[in-house]
Amino acid sequence: MEKPASGVHPGRLNVARYLVRFGVNPAALAYAMTTLGAGMINNIFSFYYVKLFLNKYQISEGAFHRSQVVFMVWNAVNDPLFGYLQDNSRVRWCSQRRLSILYGAPLYSLAFLLAWFPWRSYEPDDWLSGLHLMVALCAFDAMLTFVLLAQCALFAEISTQHQNRLRLIKYSQVASLVGSSSILFCGVLSRNMEDFGAFQAFNVLIAILSCGCMLYTGIHSESRYDNKGSDSDIPGSADHQSAFSFTTLRMLMWQILTNRDFQLFVVMNFFQVFILAFFNNFTMIFAEHLIPPDVLPPVAMSIMYGAGFICPQLLVLSCQSLLQGLGYYKIVLFTFYMEAGMAAVMLAIGPQHYYILACFLTVNMVIIQAAFSLFGLPLADIIDTDLQTYKRSSPLSSMVFGTNALFTKPAQSLAPMITLNILNRFGYEQLKDAGRDSDPSTLESLHSVMFYLVCLVPMCVAALQVLAWRPFSIRNSHTVDAKYIDG
């Protein structure tokens, strides 16, 4: 990997030398610690917040949709805004990736805790629960965006070599594997949120651990552009631009948006974010309704949910040689064919085969998350192409990741909104508390809709992703040692 930039703090160099003696790459470890910290809290948040607000806080469907609409708008707008600021700001804590993570980590962990502590004892359809959801979603996403955009930029800026980027992915997947275990432990210790006090206590502990991990990145990571060249080389310096300019923002976004490969990636990624949110938010609800408790007891359910978040990292780690040999393009395309094929087989088999259905839900979560873990590679290649095409002095890493999020993040809100609307049309809102004691015919209708959603949504989404991904032209970056010279 590249030599450290000049001006690196002696303490960080001493830590780096110590790690090298044990065969650990210090740059990759520093990068992966944010993955570990973010993975601990992101997985818990996405997996539990929908069920918490629907079932425990008993939020109304209208308030849920309003919160999701506000979240969808904020979710889309803040990514390119933060991306522009991080790439063009003259303030060090914003422009330097390391400092963005260092100062953002404590607020990120605090924002994670907002959802788990009710502001009062909520009545059914309480307006305050809707406001609580809106604030929790927007605050959590704002800090997630600020910290993880900086980390995404680090991925593109630590190295331009494919082999070194694969090393970052390898370390990141190990960290994500450890971080994903938070779902398993949370489910077991809180009995899938039945013991709400234990659930809250566990999340406080996880927030503290997560913050510590991300602070390590903020102290020890380095971008090749943090200390490179004169101030005139920095996109946000006075010689580069005098102040925040919407004209400059519009020009840079237009240059990014006219990249054909970026357009194709964004379309494909939108559907990946949609299907990922679909399974993260509703797998627990689907499993509880479609799989009888005498078939899979609560402990087995917890293990199943944990496997859905832990096994993707094992899959990616085991495919390192395939990534080097085949490249990400063919592997991602294969996962789409596999998702569509499994969904078709499950639809043909039917919902009465409970163990097969449990495996199908788990494997789907694994494949979708594993493929999503590779998406930093095509975005990094797009950043490299943009850097060469427009002969920039430094890459627009945060802007490219942020502009991608502008179009893909709305899928995080659309997935739960559309799915909940469909379920409520078949009586989910009335039946979610009554469970299996409800009217059998109504319950059977709801379960039938759930099963068709579980099969048809991934099948249709995968078909659309194949159409979007096949024309993508950057397919051989794994065969190129370096696409431009590292300074």
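Any residue that is under 20 Å from Glu339 (Cα atoms) and not assigned by the TED database to the domain that holds Pro80 - is there at least one of those in the stretch 391-406? No, that holds for no residue. Considering (1) closer than 19 Å to Cys211 by Cβ; (2) at pLDDT 90 or above; (3) open to solvent by 20 Å² or more (accessible area, probe 1.4 Å); (4) hydrophobic (A, V, I, L, M, F, W, C), the lone condition that Trp93 does not fulfil carries the number (2). Counting residues in the stretch 103-113 that are open to solvent by less than 40 Å² (accessible area, probe 1.4 Å), outside any helix (DSSP H, G or I) and either more than 28 Å from Asn424 (Cβ to Cβ) or not hydrophobic (A, V, I, L, M, F, W, C) (or both) gives zero.
If you go through the stretch 101-128 and keep only what is of a type in the set (A, V, I, L, M, F, W, C) and either free of Cβ contacts under 8 Å to residues at least 24 places away in the same chain or on the phi > 0 side of the Ramachandran plot (or both), you end up with Trp119, Leu128.
Please verify whether Phe282 is open to solvent by less than 30 Å² (accessible area, probe 1.4 Å), modelled with pLDDT under 85, part of a helix (DSSP H, G or I) and out of contact with any Asp or Glu (no Cβ under 7 Å at 6 or more places or on another chain), treating the condition exactly as stated. Against the criterion (open to solvent by less than 30 Å² (accessible area, probe 1.4 Å), modelled with pLDDT under 85, part of a helix (DSSP H, G or I) and out of contact with any Asp or Glu (no Cβ under 7 Å at 6 or more places or on another chain)), Phe282 does not qualify. Taking the condition at pLDDT below 75 and farther than 26 Å from His162 by Cα, does His65 pass? For His65, the condition - at pLDDT below 75 and farther than 26 Å from His162 by Cα - is not met.
Condition check ((1) of a type in the set (Val, Ile, Thr); (2) open to solvent by less than 10 Å² (accessible area, probe 1.4 Å)) across all residues:
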position: Phe278; (1), (2): no, yes
position: Leu290; (1), (2): no, no
position: Leu296; (1), (2): no, no
position: Ile310; (1), (2): yes, no
position: Leu326; (1), (2): no, no
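Okay, residues lined up against (1) open to solvent by less than 20 Å² (accessible area, probe 1.4 Å); (2) without any contact (Cβ under 8 Å) to a residue 12 or more places away in the chain:
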site	(1), (2)
Tyr390	no, no
Leu396	yes, no
Lys409	no, no
Ala415	yes, no
Phe426	no, no
Cys460	no, yes
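Scanning the stretch 200-216 for any residue that is of a type in the set (Ser, Thr, Tyr) and at pLDDT below 90 turns up nothing. In summary, Phe202 fulfils each of the numbered conditions (1) more than 27 Å from Asn55 (Cβ to Cβ); (2) surrounded by fewer than 22 Cβ atoms within 10 Å (Cβ to Cβ); (3) hydrophobic (A, V, I, L, M, F, W, C) with the single exception of condition (1).
Restricting the first member to the stretch 316-327 and to residues that are not assigned by the TED database to the domain that holds Leu177, and the second to residues that are open to solvent by 80 Å² or more (accessible area, probe 1.4 Å), the beta-carbon pairs closer than 7 Å and six or more apart or on different chains are Leu317/Lys170; Gln320/Lys170; Gly327/Arg475; Gly327/Asn476. Pairing residues of the stretch 278-306 that are in the same structural domain as Cys359 (by the TED database) and closer than 18 Å to Leu347 by Cα with residues that are among the aliphatic types (A, V, I, L, M) and not in a helix (DSSP H, G or I), at Cβ distances under 9 Å and at least 6 apart in sequence or on separate chains, gives Ala287/Leu296.
I'd like to know if the stretch 379-394 contains one or more residues that are out of contact with any Pro (no Cβ under 9 Å at 6 or more places or on another chain), modelled with pLDDT under 85 and not basic (Lys, Arg). No, there is no match, as no residue in the stretch 379-394 is out of contact with any Pro (no Cβ under 9 Å at 6 or more places or on another chain), modelled with pLDDT under 85 and not basic (Lys, Arg).
The values are calculated or read from the model by the stated rules, or taken from the named source; none is laboratory data. Here the structure is a predicted model, which is why all the values come from computation and not from measurement. Cβ coordinates were reconstructed from backbone atoms using ideal geometry, including for glycine residues, and neighbour counts include every protein chain displayed. All accessible areas refer to the heavy atoms of the entire protein, side chains included, with ligands and DNA or RNA removed. Shrake-Rupley method; radii C 1.70, N 1.55, O 1.52, S 1.80 Å.
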